[in-house]
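Notes to accompany the following structure.
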Ligand SMILES: Cc1ncc(COP(=O)(O)O)c(C=O)c1O
């Protein structure tokens, strides 16, 4: 008997859709298409030599630990190093507040596992990171969306959502947001933390890009703002820690995504629950990958490498902005990110970027249609462009091709260019 598998899958699978980004990436692989679609770091700047040396050291110096089963919360020297690394960004914690995850994507899934009951609502900005929606759809999350502008998530809208719904948590991407590239202003961060505290709603702060700032000053994380508030309220005896913010970051954009090493910083009650959930998922993140990440990053290499990436990516960002300025027709607007990997483009109303993508692929350029980042619909006339993966020449040629596709679509619709 041949089982008809489609009848056997769990109900939750109906809510799990394949990622359109992965589908586009499949299309663009091994072709002449210039892709602005993925969120991929530049492969020319992967730290190959450093990782080779680190792999040797991992085996020579930590052979048993690297190859054996490990503890679920993660390789202790790595967590200790992260404590020191994050301190530089104003995040104060102890190794007990850190869980190493198999990329930040797993952290999002574990958060869904431990926090979301079917039907729970989650406040997300619009547009928001598609991967978080994919993770939480499986747990039956519903979304309350709030609009964003050049200063990031509109906090007045968050307040309205908090007053009218009972969300499980707020999902925020304060730095160089994926997909829009915008940064939440300091004023809004302070207000968001205050509101979350007032309404007793936790914040999930997803920060894979915070270290990739190309201009402007570092802005305190929601985690550190909350910890500072906790400090003011503390008894002066106990160590003040953020209580209501769960902070996520990763080595995917600063070392390489193939390692699949990310981390969560949170109150130990949250970490303990996530550790338990992780035991049922993968027992622990690959010990080998963790030891290699540790041996690669330590001794100041991570900071030096991040400085190099900043120099490379600011050039690519500037190139893309200049090419857009030169080639895009009037009526098209875009964000000017201070860091991260993405620029967000808004086309004149009436244009559908999904339609445009088909033509763009024929003309050998790709992007991600923006509506995919809107959980409740909308954003048809928007698109996300990645500038970290293509070379400077590819950016120039690709933006020119894309401008041609947009202009042709505007002409077909008889829009003034
Ligand atoms: C906002 C955001 N969160 C999480 C992730 C997942 O990162 P990781 O590769 O660490 O799983 C990404 C990856 O692009 C991202 O942009």
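What follows draws every value from the coordinates through simple rules; no lab data is involved. All values reported here derive from a predicted model rather than from experimental measurement. Glycine also receives a Cβ, built like all others from the backbone with ideal geometry; neighbour counts cover every protein chain displayed.
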Compare the peptides 112-119, 36-43 by average per-residue count of other Cβ atoms within 10 angstrom and give them in order, highest first.
36-43, 112-119
Looking only at 129, 228, 209, which one moves most when the chain is put into a Gaussian network model with springs between Cα atoms under 10 Å?
228
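FRET efficiency for residue 413 and residue 67, Cβ-Cβ distance as r, R0 = 45 Å, nearest 0.05?
My answer for the efficiency is 0.15.
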With r as the distance between the Cβ atoms of residue 231 and residue 42 and R0 = 35 Å, compute the FRET efficiency 1/(1 + (r/R0)^6) and round to 0.05.
0.35
For segment 91-203, rounded, prolate or oblate, judged on the Cα gyration tensor with a ≥ b ≥ c (square roots of eigenvalues), a/c < 1.5 rounded, else prolate if a/b > b/c?
rounded
For a quick check, take a GNM of the chain with Cα springs below 10 Å and name the residue from 46, 169, 223 with the largest mean-square fluctuation.
46
Separation of alpha-carbon centers, segment 224-299 and segment 72-117, rounded to whole Å:
1
If each of residue 358 and residue 272 carries a label point 7 Å out from its Cα toward its Cβ, how far apart are those two points in nm?
5.6
Summing -39500 (n - 2.57) over every DSSP H run of at least 4 residues in the chain and dividing by its residue count gives a helix-only mean residue ellipticity at 222 nm, to the nearest 500 deg cm²/dmol, of -14000 deg cm²/dmol
Hey, what angle do you get for helix 155-164 against the long axis of the chain, alpha-carbon based, 0 to 90 degrees rounded to 10?
70
Just grab the label-to-label distance for residue 94 and residue 279, each label 7 Å out from Cα along the Cβ direction, in nm (one decimal).
2.1
Could you calculate the FRET efficiency of residue 336 with residue 198 from 1/(1 + (r/R0)^6), where r is the beta carbon distance between them and R0 is 25 Å, rounded to 0.05?
0.15
Within the chain, percent of DSSP bridges classed antiparallel, to nearest 5:
55
Full-stretch length increase - residue 10, residue 307 - with 0.36 nm per residue and alpha-carbon distance subtracted:
102.3 nm
Angle, helix 301-327 long axis vs. longest principal axis of the chain, Cα atoms, 0 to 90°, nearest 10?
20
The extension gain from residue 185 to residue 26, computed as 0.36 nm times the residue separation minus the Cα-Cα distance, is 53.6 nm
Peptides 120-128, 245-253 ordered by average Cβ neighbours within 10 Å, highest first:
245-253, 120-128
Please give the helix 186-199 orientation as an angle from the longest Cα principal axis of the chain, in degrees from 0 to 90, rounded to the nearest 10.
60
